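Participant: This is the structure I have questions about; it appears just below.
The values are calculated or read from the model by the stated rules, or taken from the named source; none is laboratory data. These figures come from a predicted structure and were not determined experimentally. Here Cβ is always computed from backbone atoms with ideal geometry, including for glycine, and neighbour counts include all displayed protein chains. Only protein heavy atoms, including side chains, enter the accessible area calculation; ligands, DNA and RNA are left aside. Shrake-Rupley method; radii C 1.70, N 1.55, O 1.52, S 1.80 Å.
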4 protein chains.
Amino acid sequence: MASVESRPQQSQQRGYEGLTPGRVEAFSDGIFAIAATLLILNVQLPHEAAGGELGRQLLDLWPSYVAYGASFVTIGVMWLNHHALFARVARVDRTLVGLNLFMLGVIAFLPFPTQVLGTRIGVPDEATPAALLYAITGILIAFGYSGVYLWIGTHHELLHERFADVNYLSNAPRFLIGTIGYAGCIPLAFFYPPAAVLVIIAIVLYYSRDQLPQPRTPT
Amino acid sequence: MASVESRPQQSQQRGYEGLTPGRVEAFSDGIFAIAATLLILNVQLPHEAAGGELGRQLLDLWPSYVAYGASFVTIGVMWLNHHALFARVARVDRTLVGLNLFMLGVIAFLPFPTQVLGTRIGVPDEATPAALLYAITGILIAFGYSGVYLWIGTHHELLHERFADVNYLSNAPRFLIGTIGYAGCIPLAFFYPPAAVLVIIAIVLYYSRDQLPQPRTPT
Amino acid sequence: MASVESRPQQSQQRGYEGLTPGRVEAFSDGIFAIAATLLILNVQLPHEAAGGELGRQLLDLWPSYVAYGASFVTIGVMWLNHHALFARVARVDRTLVGLNLFMLGVIAFLPFPTQVLGTRIGVPDEATPAALLYAITGILIAFGYSGVYLWIGTHHELLHERFADVNYLSNAPRFLIGTIGYAGCIPLAFFYPPAAVLVIIAIVLYYSRDQLPQPRTPT
Amino acid sequence: MASVESRPQQSQQRGYEGLTPGRVEAFSDGIFAIAATLLILNVQLPHEAAGGELGRQLLDLWPSYVAYGASFVTIGVMWLNHHALFARVARVDRTLVGLNLFMLGVIAFLPFPTQVLGTRIGVPDEATPAALLYAITGILIAFGYSGVYLWIGTHHELLHERFADVNYLSNAPRFLIGTIGYAGCIPLAFFYPPAAVLVIIAIVLYYSRDQLPQPRTPT
């Protein structure tokens with residue numbers, strides 16, 4: 001059987017359990033794309049629709065539109081950063097796959113706090129728990145991504161050669177900012193929940209500009 | 001580690017944050033395919049089903065079937081045009097990724113206006129806001145795609161060489177037609193909502209025939 | 001820019017609007033996989049749950065489990081046959097992409113008739129319209145797949161060379177069997193709806209064994 | 001047509017109906033990723049929300065969060081093991097594709113028992129049937145994966161050469177453990193349903209550490 005060795009994936013380094021970084025990236029992409037697209041299923045008109053008021057109902061849904069947008073951008077930015085990181089990875093090990101699955105599990109959870117935020121932020125007594133749930137999910141996402149980042153940054157044998165001599169820990173404070181920001185949303189949610197939501201959006205925009213530490217020589 | 005450089009993606013140009021056009025295309029394909037398939041979840045029988053009338057209920061759902069078909073074709077045509085465009089892209093930069101994410105965010109939003117259109121276009125007082133919501137979403141899709149197109153068309157350093165000398169702006173009026181068409185649906189929705197829906201479908205069919213400007217030499 | 005021509009997809013024949021058969025296959029795979037996985041969202045316990053009867057409720061859902069299984073296998077078999085066909089395709093043209101989109105639109109529609117079948121086949125007056133809806137969807141799937149098949153079979157310039165001299169029309173009667181079978185379900189649904197469902201399942205199992213006409217020389 | 005043979009997939013062995021292992025893996029990945037991401041759609045607040053109690057409602061949903069996590073990890077572990085297995089496969093035949101589809105059908109079913117478990121495990125009379133449904137689904141997953149494993153392990157002509165001389169049956173007892181464990185959950189569900197859930201989680205964690213039998217020579 002001449003073509004036995006011909007599978008394209010074979011040219012990648014199959015590490016833990018035959019997994020290549022490309023497979024992990026493709027699976028992660030799937031979770032990112034599906035979670036982002038499922039967000040819309042939680043934007044719903046109220047069931048008890050009274051005739052003639054559809055226009056007002058659609059306008060009253062604006063917190064759901066904002067929550068949809070914020071979570072869509074969050075997932076998009078996570079997807080970008082995840083790719084930036086995995087573009088440097090040559091092999092995966094079991095811990096990396098486990099940390100990555102944890103991060104994906106929190107990303108896939110995001111449609112639920114998004115729905116709660118969108119439907120309850122405008123209800124006086126419910127804005128605080130809704131903002132809290134969203135902030136806690138944000139903290140878990142930050143934990144998940146930091147875990148993946150720190151594992152890769154401290155295990156240079158997993159990296160492509162030209163990225164292996166970068167000091168990844170020099171970048172760790174940037175993650176700390178996000179975690180501190182999300183944590184700060186917890187007390188904020190008790191005093192003024194909309195401010196907590198604004199901080200969460202600001203954190204995502206900050207990370208959309210984040211850059212990984214670069215190797216000294218260009219490609 | 002001999003195979004460190006062997007990832008197939010490495011042969012593409014990893015631009016902004018390690019992203020290749022192929023990755024952006026694959027992520028976009030995921031969003032297109034998921035959004036198109038989620039449309040059906042919003043085709044639902046009324047909850048309070050009276051015995052023996054199922055046949056009539058299924059027939060009465062025809063506006064939902066039409067809305068499903070119109071949005072499925074819209075997403076399919078967007079997917080086609082998106083590919084036609086990205087087939088020419090050799091590298092992505094940060095703005096292109098951002099514009100593309102905005103466009104995907106509107107595409108992923110489409111199941112909601114589709115549901116509203118399908119369930120409310122037949123209700124006298126609700127047809128106008130339902131058609132308005134759908135038309136506004138159409139305008140945003142046109143804006144998103146135009147943004148991606150114009151950025152690529154004015155940044156030839158992102159293109160494959162043989163497509164770099166094409167005058168992309170010569171094609172811009174075609175996008176204007178779509179945007180004007182969708183904008184025209186807004187007053188139309190106040191007078192006769194079904195006509196607005198027909199115009200939206202006509203616009204999609206027009207774009208299914210659209211062609212990008214070709215380079216002078218064949219492949 | 002030395003790597004400008006290096007995108008792996010470039011090695012395929014980009015036909016209509018830059019689309020390769022691989023891209024069309026990947027998009028189709030996405031629709032198949034998502035439609036199959038969404039089927040489960042329509043298996044739901046009744047809302048008005050009375051305490052202590054959960055076991056019985058779960059058992060009473062058996063028509064939904066059967067409908068889930070039948071549609072999952074249908075989509076799986078369609079996916080198999082779709083791949084068998086596209087493995088022979090070297091280039092796509094506009095009509096093929098359009099016919100393929102129509103077929104995918106019907107596949108993505110399948111979760112709705114599946115839900116109706118599963119929840120209504122056991123209700124005396126509702127079994128007939130539920131079976132009719134499922135049979136009509138089956139006919140449309142057969143039409144869609146036949147359209148893709150016949151277009152490929154009569155346009156040999158789209159095929160890989162070694163598959164181009166096969167007489168595809170010799171296989172057309174097999175598609176006729178399916179279409180006739182689904183059409184026969186329509187009168188059957190009026191007399192005895194469960195028999196219509198059994199015929200539909202039998203048709204799918206028949207196609208799971210179907211083989212494309214082979215070229216005279218082995219690979 | 002010079003590039004007729006240039007499709008990358010051609011370099012793989014197209015076996016049954018033109019399917020390559022890579023295509024089967026990609027389709028399976030899609031099902032795994034979608035099923036895992038759909039789990040969150042079944043985490044829902046009760047409809048009849050009383051004002052001011054949102055915080056308590058969110059806390060009371062904890063069984064749904066646990067069920068979400070358990071099923072997400074289950075699907076993640078199945079995905080890992082599925083890859084480990086298919087990394088060794090050079091060709092697929094019809095039976096392997098059929099067994100794989102059965103396994104995927106059970107995986108795609110998992111969101112339903114997960115929802116039932118999460119919403120009913122806390123209801124006194126409903127915990128037993130909810131745990132039973134989840135355990136039976138677990139048994140079917142174990143059957144499906146064992147079927148795929150045993151077919152591959154007894155058909156060495158489907159394997160890459162260097163994996164063909166491994167004794168796969170030596171590993172079969174490990175699958176027996178899982179099946180016995182799930183089966184043991186059935187009586188357990190009658191006496192103390194939460195214990196059945198814990199056993200199910202323990203089984204998944206056991207399989208996350210499972211390793212396929214290795215060839216004698218390293219890569």
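Participant: With solvent modelled as a 1.4 Å probe, how much accessible area in total do chains C and B shield from it at their shared surface, in Å² to the nearest 100?
Facilitator: Adding both sides of the contact gives about 3800 Å².
Participant: Output the Cα-based Rg and Dmax of region A:63-219 in Å, rounding Rg to one decimal and Dmax to a whole number.
Facilitator: When restricted to Cα atoms, region A:63-219 yields Rg and Dmax of 16.8, 55 Å.
Participant: Further, regarding this structure: Measuring nothing but label to label, 7 Å from Cα along Cα→Cβ, what are residue D:169's distances to the other copies in nm, shortest first?
Facilitator: When each copy's label point is compared with this one, the spacings are 5.2, 5.2, 7.4 nm.
Participant: Rolling a 1.4 angstrom probe over the protein heavy atoms, how many square angstrom per residue are accessible across the protein assembly as shown?
Facilitator: About 38 Å² of surface per residue is accessible.
Participant: Within chain B, which complete DSSP H helices have Cα atoms spanning at least 20 Å along the helix axis and a mean Kyte-Doolittle hydropathy of -1.0 or higher?
Facilitator: B:21-38, B:62-86, B:94-109, B:127-153, B:172-191, B:193-208
Participant: Relative contact order of chain D: what whole-number percent is it, with Cα pairs under 8 angstrom and at least 6 residues apart?
Facilitator: Answer for chain D is 22 percent.
Participant: Within a 10 angstrom radius of each residue's Cβ in B:65-72, how many Cβ atoms of other chains show up on average? Whole number is fine.
Facilitator: Taking the mean over all residues of the peptide, I get 2.
Participant: Run through the other copies and list how far each one's label point is from that of residue D:190, in nm with one decimal, shortest first; the point sits 7 Å from Cα along Cα-Cβ.
Facilitator: 5.0, 5.0, 7.1
Participant: Distances in nm, one decimal, shortest first, from residue C:124 to the same residue in every other copy, taking the label point 7 angstrom along Cα→Cβ.
Facilitator: 3.8, 3.8, 5.4
Participant: What number, rounded to the nearest 500 deg cm²/dmol, is the helix-based mean residue ellipticity at 222 nm of chain A, given -39500 (n - 2.57) per DSSP H run of at least four residues and division by all its residues?
Facilitator: Rounded to the nearest 500, the figure is -21500 deg cm²/dmol.
Participant: Taking the Cβ of residue A:129 as the centre, find all other residues whose Cβ is under 11 Å away and add up their charges (Lys, Arg: +1; Asp, Glu: -1).
Facilitator: Its environment carries a net charge of -1.
Participant: Using a ≥ b ≥ c from the Cα gyration tensor of the protein assembly as shown (square roots of the eigenvalues), is it rounded, prolate or oblate, where a/c under 1.5 gives rounded and otherwise the larger of a/b and b/c decides, a/b for prolate?
Facilitator: rounded
Participant: Could you look at the protein assembly as shown and say what percent of its accessible area is carbon and sulfur, using a 1.4 Å probe and all protein chains?
Facilitator: After summing per-atom areas, the C and S share lands at 67 percent.
Participant: Would you tell me the mean number of C-beta atoms belonging to other protein chains that fall within 10 Å of each C-beta in D:107-115, as a whole number?
Facilitator: For peptide D:107-115, the averaged partner shielding equals 5.
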